[in-house]
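Take a look at the structure below.
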Amino acid sequence: MELQKLDRYAKGLIKEAGRKIRQSFSSELAIESKADANDLVTNIDKEIEQFFIRHIRNDYQGHLILGEEGFGDRLTKLDGYVWMLDPIDGTMNFIHQQRNFAISLGIYKDGIGILGYIYDVIHDELYSAQKGHGAYLNDEPIPVLESTTISQAIIGLNASWVVPNRHIENEGLIRLVKDVRGIRSYGSAALELAYVATGRIDAYMSMRLSPWDIAGGVVIAQEVGAVATNLNGQPLKFLEQDTFLVARKSLHDSLLNDYITLK
Ligand code: 2AM
Ligand code: CA
Ligand code: CA
Ligand code: CA
């Protein structure tokens, strides 16, 4: 019962935040760079994170918040309730395209994801899951994923993988690109997770993601039978950046064993 109440509350906040984002399109954005010239943030990213935090701190005292823009709490462990929030995942798309971005939220209890949300604001599509109770796209249940093969798979992969990098050998990736049916890159980790959960793509991998990018999506993807780990095949920790792989169960092992060779 408590979980149902928390779920309704979280969905209410997300929908309200979505309305605020849609309204923001009529005013001019204030755009800044963070770590480098292409690492962008806007006043809306910050305002939406602050909107969530204001409400959560008022209504759920004792819950902690981990947010990308840094207005939440600094965490060294995941005891109790932790909200992991990315107010806008896909900020570059938000700025350049006014689409292909999402609100990403996971609610974790003692390190276990109990509620997950990805809200595609422009399509008004809310992907959600309660651990153990299946995943939904708006009010429709998302079917459990069936198995597939590498040769029939579409993989979410971002272009930074073609640049020699410190994580992974390019040879395996070149083979992967040849062996699969297709490669896609959407520019929002949260949406790519939603697409894996709904079978629009069959796997998604990234060399560096933060807890707020994946916290909501992992709960949703796992409810339909997808497997999520880092690129070493280890469980996700949700306290720091890490590599990331989510895939239909039938592809996960093959991707790790046959194509991904870490340096
Ligand atoms: P963001 O839009 O919330 O920053 C593709 O760009 C994906 O990687 C998006 O989900 C984006 O999230 C995330 N991303 C962008 N810059 C990143 C960085 N420096 N480290 C980790 N993830 C990043
Ligand atoms: Ca960012
Ligand atoms: Ca993000
Ligand atoms: Ca973000």
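Values in this text are rule-based calculations from the coordinates and carry no lab data. For clarity, every value in this text was computed on a predicted model and none was experimentally measured. Counting neighbours? That spans all protein chains shown, and the Cβs are built from the backbone with ideal geometry, glycine included.
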task: Mind ranking 85-95, 103-113, 65-75 by how tightly packed they are, going by the mean number of other C-beta atoms within 10 angstrom, highest first?
output: 85-95, 103-113, 65-75
- line: Counting sequence-distant residues (5 or more places) and residues on other chains, those with an amide H built under 5 Å from that of residue 81 are 64, 110
- prompt: In whole percent, what relative contact order does the chain give with Cα contacts below 8 Å and a gap of six or more residues?
  reply: 17
message: With only alpha-carbon pairs counted, each pair once and no self-pairs, how large is the Kirkwood hydrodynamic radius of the chain in angstroms?
response: 18.6
- request: Could you list which residues have their amide H under 5 Å from that of residue 114, counting only those 5 or more apart in sequence or on another chain, with H placed in the peptide plane?
  value: 107, 108, 109
task: Please compute the Cα-Cα pair-distance distribution of the range 155-263 with 10 Å bins starting at 0, giving whole percents from short to long.
output: 15, 54, 30, 1
- request: May I ask for the angle, rounded to the nearest 10°, between helix 211-223 and the longest principal axis of the chain, with both axes built from Cα atoms and the value confined to 0 to 90°?
  value: 70
query: Can you list the lysines whose alpha carbon sits under 23 Å from that of residue 237, skipping same-chain ones fewer than 8 residues off?
result: 77, 109, 131, 249, 263
message: Cross-link candidates for residue 34: which lysines have Cα within less than 24 Å, leaving aside residues fewer than 8 places away along the same chain?
response: 20, 46
- line: Sorted by chain and then number, the residues having a modelled amide H within less than 5 Å of the amide H of residue 144, at least 5 places away or on another chain, are none
- line: Computed about the Cα centre, the charge dipole of the range 1-108 from +1 Lys/Arg and -1 Asp/Glu charges at the Cβ has a magnitude in debye, to the nearest 20, of 440
Reachable aspartates and glutamates from residue 178, criterion Cα separation under 17 angstrom, eight or more residues apart if same chain: 169, 202, 258
